[in-house]
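Report on the following structure.
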């Protein structure tokens with residue numbers, strides 16, 4: 001019904017600033033098709049209108065000890081999808097003494113964790129040359145915001161036929177994002193998950209916040225597309241105390257999944273120490289999210 005109203009408004013020439021009827025008919029017709037898509041990761045993990053998976057873990061796979069500690073905590077809590085990036089691009093080329101990309105070593109540690117816990121793995125692919133190694137381990141491939149329009153990378157990732165999380169670039173319109181989505185879909189991979197992760201704005205309400213979570217984008221995407229839409233309030237806010245409220249707001253906005261950063265010792269996180277929740281904070285969020293999910297007929301997993 002919402003999409004019919006949206007298209008009717010376009011036909012009636014009501015003002016539009018972003019996506020046009022021509023776009024829907026000729027440029028992004030796959031991603032905006034009426035066919036409803038659910039993305040199945042395993043028998044008990046589905047991104048759909050009824051279930052809302054939470055993806056959790058540290059930003060970077062800093063060490064074997066860290067990734068095991070986080071995975072065991074999450075597994076006991078009932079979280080089914082672990083995230084952690086062994087290949088991790090940064091905004092600037094300068095790195096602290098704490099941080100170094102663990103790369104293939106990190107992926108080996110994630111392999112061990114996967115075998116030990118049985119959890120599914122999300123990790124970012126930064127370059128085509130790393131795809132084969134990551135594909136051996138990851139159950140869901142992530143395209144980071146900076147690579148949203150890296151079209152050759154999108155094409156090669158689509159060929160794996162694995163579920164793909166496409167993160168919106170912080171300066172991109174929804175039209176840009178859906179155009180990038182089309183490059184994945186045209187390769188025959190419909191296991192697409194769209195992710196809102198915050199956009200650049202003049203004001204973010206706190207001097208350490210780099211982005212603002214665009215809740216309206218979640219609502220708009222749910223109106224336009226039939227693919228799952230998830231939210232990453234951790235990267236959007238860059239401030240742990242705000243993450244729970246933004247996560248709950250995302251659920252209320254209709255999202256189909258969340259990415260929440262958690263770390264046993266956030267202050268000593270090698271990457272982005274202001275945004276991870278500690279274990280106590282994450283557990284509280286997870287319990288409250290389950291209660292909220294019931295209100296919106298969403299099973300939090």
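No lab work stands behind these numbers, since they all come straight from the coordinates. Bear in mind that the values here come from a model prediction, so they are computed numbers and not experimental data. FYI the Cβ positions are ideal-geometry reconstructions off the backbone, even for glycines, and counts take in every protein chain you see.
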Relative contact order for region 97-180, counting Cα pairs under 8 Å that sit 6 or more residues apart, in percent: 23 percent
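If the chain between residue 108 and residue 223 were fully stretched, how many nm would it gain, using 0.36 nm times the residue separation less the Cα-Cα distance? Walk me through the intermediate numbers first.
Numbers: separation 115, 0.36 × 115 = 41.40 nm, distance 4.02 nm.
37.4 nm is the gain from fully extending residue 108 to residue 223.
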Give the angle, between 0 and 90 degrees and rounded to the nearest 10, that separates the Cα long axis of helix 243-252 from the longest principal axis of the Cα atoms of the chain. 30 degrees
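Could you calculate the contour length gain from residue 100 to residue 34, that is, 0.36 nm times the residue separation minus the distance between their Cα atoms, to one decimal place in nm?
Values: separation 66, 0.36 × 66 = 23.76 nm, distance 4.43 nm.
Taking 0.36 nm per residue and subtracting the Cα distance, the gain is 19.3 nm.
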Taking Cα centroids, how far is region 59-81 from region 149-227 in Å? 26 Å
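Would you mind ranking 295, 248 by Cβ crowding within 10 Å, fewest neighbours first? Don't jump to the answer; show the numbers that get you there.
Details: 295 9, 248 18.
Going from sparsest to densest Cβ surroundings: 295, 248.
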Model label zone, residue 135; criterion: amide N under 16 Å from point 7 Å along Cα-to-beta-carbon; scope region 176-218: 184-185, 187-191
Take the eigenvalues of the Cα gyration tensor for region 231-301, scale each by 5, and report the square roots as semi-axes in whole Å, largest first. 22, 12, 8
Any idea what the relative contact order of region 109-154 is, in percent, if you count C-alpha pairs under 8 Å spaced at least 6 apart? 35 percent
Taking the Cα atoms only, what angle lies between the long axis of helix 103-117 and the longest principal axis of the chain, rounded to 10 degrees? 90 degrees
Give the angle, between 0 and 90 degrees and rounded to the nearest 10, that separates the Cα long axis of helix 174-185 from the longest principal axis of the Cα atoms of the chain. 80 degrees
Most fluctuating residue given options 241, 233, 93, as computed from a GNM of the chain linking Cα atoms under 10 Å: 93
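Subtract the Cα-Cα distance of residue 77 and residue 20 from 0.36 nm times their separation in residues, and report this length gain in nm to one decimal.
Details: separation 57, 0.36 × 57 = 20.52 nm, distance 4.44 nm.
Extra length available between residue 77 and residue 20 comes to 16.1 nm.
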Mean separation of Cα contacts under 8 Å, 6 or more apart, over the residue count of the chain: relative contact order %: 20 percent
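For 49, 145, 200, what ranking results if the residue with the fewest other Cβ atoms within 10 Å of its Cβ goes first? Intermediate results must be reported in sequence, preceding the final value.
Working: 49 15, 145 22, 200 12.
Going from sparsest to densest Cβ surroundings: 200, 49, 145.
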Taking the C-alpha atoms of region 67-200, how large are the radius of gyration and the largest Cα-Cα span, Dmax, in Å? 15.1, 43
Of 103, 157, how do they rank once you tally other Cβ atoms within 10 Å and put the fewest first? 103, 157
